[in-house]
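Coordinate-derived values only; no laboratory data. What you see is a predicted model, and the numbers here were worked out from it, not measured in a lab. As a convention, Cβ positions derive from the backbone with ideal geometry for all residues, glycine included, and neighbour counts pool all protein chains shown.
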Amino acid sequence: MNNYQRTYPLLSACGLNCGLCPRYHTNGTSKCPGCGGKDFFAGHPSCGILNCCRRRSIEYCFECEEYPCKKYDKCNGVETNDSFITHRNILSNFEKIKTHGLTAYQNELNQKIQILCDLLENYNDGRRKSFFCIAVNLLELNDINKVVANFDPNLPLKEKSAFAVRLFQEMAEKRNVELKLRKSLC
C-alpha cells in the first residue's frame, strides 16, 4: 500500500479538491501531495476511505454501489466539519462528475488550481492563503473568473490583497456562500 499512487491526486477518493488545499500549497514537511500522491502514506498511513476504494478496485467513492455510505452521513465529518480544506462540496463534486464526466471536472479543477496559484503568488499578503483556498474551492469557476477579471494588479500588495478579498466576499454573499472553515457541529 505504501507504494500505491493515484493517477490524479488533486481530487481525493472521497471528493475533496486536494489541489485547492493550503497543505498542498505548502513548502516543507507539512506539504501534502494530494490523495494518493507521492509519499502520501507517510503522512496518512491509515486513510480508511482510500483503503476502502482500493479494496473495491475503484478510484472514487461515487463509483461504489454503496455510495453514499455511512462515511458520508452527517456527523461523520463530511457535511458538518472541515480540516485544512472545506468538505462542503464533496457530494456536489461527485454530482458534477456524474453529470459532466471526470475529465471535464478535472479540467475545471485544474483551472481553479491555476487561478489559486496566481492568487497565492501575486495577491497573498502573507495572511490570505487559507481564505483564497476556501474561496476558489467553494465558488463556481465562472464566479471566480468574474472576480479575478476586476483585479487591479498595479496596486501595492496589501491593497490588492484586501481588494481581492473584498471582491471574493462580495461574490460569496451574492451566492450565499460562507468563506470560512466550519468546526464540527456534532
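Within a 10 angstrom radius of the beta carbon, how do 64, 35 rank from fewest other beta carbons to most?
64, 35
Would you mind listing how long the range 1-124 runs along its three principal axes, going by Cα atoms, in whole Å with the largest first?
Cα extents, longest axis first: 44, 33, 29 Å.
Between residue 51 and residue 31, what length comes free when the chain is fully extended (0.36 nm per residue of separation minus the Cα-Cα distance, one decimal in nm)?
Contour length minus the Cα-Cα distance gives 5.1 nm.
Angle check, please: helix 157-174 long axis (alpha carbons) against the longest principal axis of the chain (alpha carbons), in degrees 0 to 90, nearest 10.
So the inclination is approximately 60 degrees.
Along the Cα→Cβ direction, 7 angstrom out, place labels at residue 92 and residue 183. What is the inter-label distance in nm?
Label-label distance for residue 92 and residue 183, simple model: 2.5 nm.
Listing 69, 52, 18 from the residue with the fewest other Cβ atoms within 10 Å to the one with the most, what is the order?
69, 52, 18
Report the FRET efficiency, 1/(1 + (r/R0)^6), for residue 169 and residue 117, where r is their Cβ-Cβ distance and R0 is 25 Å, rounded to 0.05.
About 0.75, to the nearest 0.05.
Specify the angular offset, from 0 to 90 degrees and rounded to the nearest 10, of the alpha carbon long axis of helix 90-100 from the longest principal axis of the alpha carbons in the chain.
So the inclination is approximately 90 degrees.
Among 151, 116, 101, whose Cα projects farthest towards the positive end of the dipole of the chain, with charges put on the beta-carbon of Lys, Arg (+1) and Asp, Glu (-1)?
Going by the charge dipole, the pick is 116.
Hey, what do the phi angles of the range 149-154 turn into as Karplus ³J(HN,Hα) couplings, whole Hz, using 6.51/-1.76/1.60 and θ = phi - 60°, x for Gly and Pro?
Each residue's phi maps through the Karplus curve to give 4, 9, 5, 10, x, 8 Hz.
On a 0 to 90° scale, report how tilted helix 102-122 is relative to the longest principal axis of the chain, with both axes built from alpha carbons and the result rounded to the nearest 10.
Relative to the chain, helix 102-122 is tipped by roughly 40 degrees.
Remind me, relative contact order of the chain in percent, using alpha carbon pairs under 8 angstrom and six or more residues apart?
The value is 23 percent.
Please rank 92, 130, 161, fewest neighbouring Cβ atoms within 10 Å first, as an exposure proxy.
The fewest-first ordering by Cβ neighbours comes to 92, 130, 161.
Would you mind calculating the gained length between residue 107 and residue 176 on full extension (0.36 nm times residue separation, minus the Cα-Cα distance), in nm to one decimal?
Residue separation times 0.36 nm, minus the Cα-Cα distance, leaves 22.3 nm.
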